[in-house]
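Peer 1: This is the structure I want to talk about, given as structure tokens.
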Amino acid sequence: MSTNSQPPAPRARRAPSPDSPVGRIPVVDVQPVSEAGRFPAKSTVGEVFPVRATVFREGHDAYSAEAVLVRPDGTEASRTRMHEVGIGLDHYEALVRADATGAWTFRVESWSDPWATWVHDAGIKIPAGIDVDLMCLEGAAVLERAAAQRGVDPPDRSARAVLREGARALTDDGSSRTTAAVPATAPPTVVWLSAADRFAALMSGPVPQVMRRYPLRDRRTLSPDYPLRVERPLALAGAWYEMFPRSAGAHVDPATGQWVSGTLRTAADELPRIAAMGFDVVYLTPVHPIGTTFRKGRNNTLEAKPGDPGSPYAIGSPDGGHDAVEPSLGTFDDFDAFVARARELGMEVALDLALQCSPDHPWVAAHPQWFAHRADGSIAYAENPPKKYQDIYPLYFDADPKGLRCEIRRVIDVWIEHGVTAFRVDNPHTKPLPFWQRLLADLHHDHPDVLFLSEAFTRPAMMLTLAKCGFHQSYTYFAWRNTKPEVEEYLATVGSDQAAWMRPSFWPTTHDILTPYMQHGGVGAFAVRAVLAAMGSPTWGIYSGYELVENVPRPGYEEQVDNEKYEYKPRDWSEGDQYGIALLLGRLNEIRRAHPALRQLRNVRVHSTDNDAMVCFSRHLAPEHSSTGLRDVVVAVVNLDPFHTQEGWVHLDLAALGLPTDRGLTVVDELTGESHEWWCDNYVRLAPESSCAHIMTVSAP
């Protein structure tokens, strides 16, 4: 006899073959599903996400459906009744959430609902006096069956008692009872209870609630089981801060006049300032040895001058490659100290994973097959015409894919062992998708808590497929969405069906991106884009120097002049006091942490405004889905014009937010602390010099 006290886990159901019966109560078009489950849908612990399906049947009898979540061990976690969306289209939806990480599954179950069928028919026939006794008998029979069921979710003792008492009361017209107040000498008076009264009493009592909790499921139809990968919350929601560690503490030696690099130790001195602004992740650009062959100078010039540090993306020198630390930054001991200090302050460390090499990388000599060669025998350097990157050799994945994948996996393991819990992956769309699919699957299995952020500014199909192949998050086109129609459309897009695979990360700027809006909008633009990023996406990021409104472009390019990729850039953070951006960043992260609705992706709703320079959107959670147990509603109204005061009417769809529409609501502006009374229609005036936005939270049960 087995000594294991736990029952064996149920086997996952196989997908049906093409010639399988459609099912008695058909369930089709289940979502979120990609290519019949080839790519698992994604969720995070506590994230609310919709399961949808088309469910229908022949005839007019009622039917119902549930979304069923199944834990990694094969046990059922929850059953959630689905409701119809798009009346008349047979489209059904349920909002569900998982409570632990792992490889979950979900399915949709449908059934014929004899109780709902009887309620519908009895509600018509009994008031009309049609077959009233028969209807009562049939209703009692349904309740007796429900009380006796031993199916998926059998009723407990108290529920069985309610159902059986309902069955008895439905058929008891009172003919066997007399009034107690009648004198003994008088003939007995019968108290008749009409069928209409009995039906009304039944429907107003506890029976309907019990039947919803323990439905009688006839002719059950089960969809296939579909995969769902549930990850930790940081995979969906977090605030990232990017820095070049060599700039922190960099200085000119007064004796030699030469630049001295900052180190990982001096970079660690920046961490309290970053943590004080409420960031969850500090992201380091590559910290590996930098090559000298074709080293780039300031502003990407082709010839470096003495003392120019080169691009950290030109990885590899005689000091090592991707598994080594640039000597001017320090050692692995210094890196470990940086990670430890970040953890003390409540932050995780992300590292740039740039799969490319300088001509001096050890791989160039040891593994020439990992690089593409031109007709003249030279190794092809990176190009993005008209841009040329002579200091960088791309990797070639077709000659030895297994060897290259194993080596990259080894490199990633090195940094995981040194405390890195997230990787920002440079240009993943220039590497083969099968490479990512295999590599990330192995890493998810061995290191399920390690996250990967895709820096893929490319075609939508490639971005989405990278997400399906295993990237947890993705950079987006947010930086280039600036007008009201663009912002509204993009918010709706990233929160739509693709959210089951692709989680957006909104960055107003990066070390490669400085859009015209940011170049010309001044302090107002930096404030506007910070609010939109922090409120518009569960994950957002800031590139170091944002606090100082660094907005001077390199002529002819959408990037900063004196780009930090090619030189040291120490900063005097006290200069940021005049702008107030650092205070705004800190306040935005405080608001995000206080409101669980802002840590969700698929709950965004755009509301109309009558001013083309103002955008309004909200995020909300119902009480049953909120970690606080209270309804959480956050409404952002943003003036997109960084120069001028804008005013106009904002029209809120309060009903869609679960809020009353017949009275005023007390709202609090989380940026100013001021309280207001708002209705469906509200007049708003926003001046960029004082406040570019309202972030309103609603006090409602």
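The values are calculated or read from the model by the stated rules, or taken from the named source; none is laboratory data. Source: prediction; values computed, not measured. As a convention, Cβ positions derive from the backbone with ideal geometry for all residues, glycine included, and neighbour counts pool all protein chains shown. Each accessible area value is taken on the protein alone, full model and side chains, heavy atoms only, with ligands, DNA and RNA left out. Shrake-Rupley method; radii C 1.70, N 1.55, O 1.52, S 1.80 Å.
Peer 1: Could you work out what % of the accessible surface of the chain is carbon and sulfur, using a 1.4 angstrom probe and leaving DNA, RNA and ligands out of the count? Intermediate values should be presented prior to the final figure.
Peer 2: On the way: 16560 of 30710 Å².
Carbon-and-sulfur percentage of accessible area, whole number: 54.
Peer 1: Measuring from centroid to centroid over Cα atoms, what is the spacing of segment 398-437 and segment 82-128 in Å?
Peer 2: Using only Cα atoms to place each centre, the spacing works out to 44 Å.
Peer 1: Using label points projected 7 Å from each Cα along Cα→Cβ, tell me how many nm separate D197 and A375, to one decimal.
Peer 2: 10.0
Peer 1: Let me know the shape class of segment 581-679, please: from the alpha-carbon gyration tensor, a ≥ b ≥ c as square roots of the eigenvalues, rounded when a/c is under 1.5, otherwise prolate if a/b is greater than b/c, or oblate. Let's see the in-between values first.
Peer 2: Values: a/c = 1.70, a/b = 1.17, b/c = 1.46.
Here segment 581-679 falls in the oblate category.
Peer 1: Place a +1 charge on the Cβ of each Lys and Arg in segment 580-626 and a -1 charge on the Cβ of each Asp and Glu, then give the dipole magnitude about the Cα centre in debye, rounded to the nearest 20. Please list the in-between numbers first.
Peer 2: Working: 7 positive and 4 negative charges, 56 e Å.
Its charge dipole is roughly 260 debye.
Peer 1: What does the highest-first list of 567-579, 585-597 look like by mean Cβ count within 10 Å? The partial results should precede the final answer.
Peer 2: On the way: 567-579: 14.5, 585-597: 19.6.
Packing order, densest peptide first, comes out as 585-597, 567-579.
Peer 1: Sticking with this one: Give, as a single signed number, the net charge of other residues whose beta carbon lies under 13 Å from the beta carbon of P233, with Lys and Arg counted +1 and Asp and Glu -1. Each step should come with its number before you reach the end.
Peer 2: Values: positive: K42, R97, R232, R503, R592, R593, R599; negative: E47, D99, E231, D280, E348, D449.
Residues close to P233 contribute a combined charge of +1.
Peer 1: Just the ratio, please: alpha-carbon radius of gyration of segment 318-402 over 2.2 N^0.38 Å, N its number of residues. Present the calculation step by step, with values, prior to reporting the outcome.
Peer 2: On the way: Rg = 16.7 Å, N = 85, 2.2 N^0.38 = 11.9 Å.
Taking N as the residue count of segment 318-402, the ratio is 1.40.
Peer 1: Using the crude model of +1 on Lys and Arg Cβ and -1 on Asp and Glu Cβ, and no other charge, please compute the dipole size for the chain relative to its Cα centre, in debye to 20. Could the numbers behind the result be given before it?
Peer 2: Values: 68 positive and 89 negative charges, 393 e Å.
That gives a dipole near 1880 debye.
Peer 1: Here is the link list: K402/K468; K42/K402; K296/K484; K431/K565. Which ones come out longer than 31 Å on Cα distance? It would help to have the intermediate numbers written out before the result.
Peer 2: On the way: K402/K468 21 Å; K42/K402 27 Å; K296/K484 39 Å; K431/K565 22 Å.
K296/K484, as the Cα separations exceed 31 Å there.
Peer 1: Please report, in Å, the Rg and the Dmax of segment 194-294, where both are computed over Cα atoms only.
Peer 2: Over segment 194-294's Cα set, Rg and Dmax evaluate to 32.2, 105 Å.
Peer 1: Would you work out if segment 563-604 is rounded, prolate or oblate? Take a ≥ b ≥ c from the square roots of the eigenvalues of the alpha-carbon gyration tensor; rounded if a/c is under 1.5, else prolate when a/b is larger than b/c, oblate otherwise. Spell out each step's value before the answer.
Peer 2: Numbers: a/c = 4.36, a/b = 1.89, b/c = 2.30.
Oblate, since a/c reaches 1.5 and b/c is not below a/b.
Peer 1: Any idea of the accessible area per residue across the chain, 1.4 Å probe, to the nearest Å²?
Peer 2: Values: 30710 Å² over 701 residues.
That works out to 44 Å² for each residue.
Peer 1: So, one more: Can you give the angle from 0 to 90° between the axis of helix 157-171 and the longest principal axis of the chain, with both taken from C-alpha atoms, to the nearest 10?
Peer 2: Helix 157-171 and the main axis of the chain meet at about 40 degrees.
Peer 1: Can you tell me the order of 116-124, 520-528, 87-95 when each peptide is scored by its average per-residue count of other Cβ atoms within 10 angstrom, highest first? Don't jump to the answer; show the numbers that get you there.
Peer 2: Working: 116-124: 17.2, 520-528: 20.9, 87-95: 15.4.
Final packing ranking: 520-528, 116-124, 87-95.
Peer 1: Compute the semi-axes of the equivalent ellipsoid of the chain, taking the square root of 5 times each eigenvalue of the Cα gyration tensor, and list them largest first in whole Å.
Peer 2: On the way: eigenvalues 709, 199, 86 Å².
Semi-axes, largest first: 60, 32, 21 Å.
Peer 1: Still on this model: Treating only the Cβ of Lys, Arg, Asp and Glu as charged (+1, +1, -1, -1), what charge dipole size does segment 49-119 show about its Cα centre? Round to the nearest 20 debye.
Peer 2: Details: 7 positive and 11 negative charges, 44 e Å.
Dipole about the Cα centre, nearest 20: 220 debye.
Peer 1: When a/c reaches 1.5 or more, the comparison of a/b and b/c decides; with that in mind, is segment 236-373 rounded, prolate or oblate per its Cα gyration tensor? Don't skip to the answer; put the middle values down first.
Peer 2: Working: a/c = 2.06, a/b = 1.36, b/c = 1.51.
Oblate shape, in that a/c is at least 1.5 and b/c is the bigger or equal ratio.
Peer 1: Which order do peptides 440-453, 467-480 fall in by mean Cβ count within 10 Å, highest first? Kindly include the intermediate steps, with their values, before the conclusion.
Peer 2: On the way: 440-453: 17.2, 467-480: 22.0.
Order by mean packing, descending: 467-480, 440-453.
Peer 1: What is the helix-to-structure angle for 114-128, meaning the angle in degrees between its Cα long axis and the longest Cα principal axis of the chain, kept from 0 to 90 and rounded to the nearest 10?
Peer 2: 50
Peer 1: Moving to a separate point now. Please give the Cα centre distance for segment 574-631 versus segment 653-668, rounded to the nearest Å.
Peer 2: A separation of 17 Å, based on Cα centres.
Peer 1: For helix 522-536, what angle does its Cα long axis make with the longest principal axis of the chain, in degrees from 0 to 90 and rounded to 10?
Peer 2: The angle comes out near 40 degrees.
Peer 1: For W649, W111, what's the largest-to-smallest order of accessible area, 1.4 Å probe? Numbers along the way, then the final one.
Peer 2: Details: W649 110, W111 0 Å².
Highest to lowest solvent-accessible surface, that is W649, W111.
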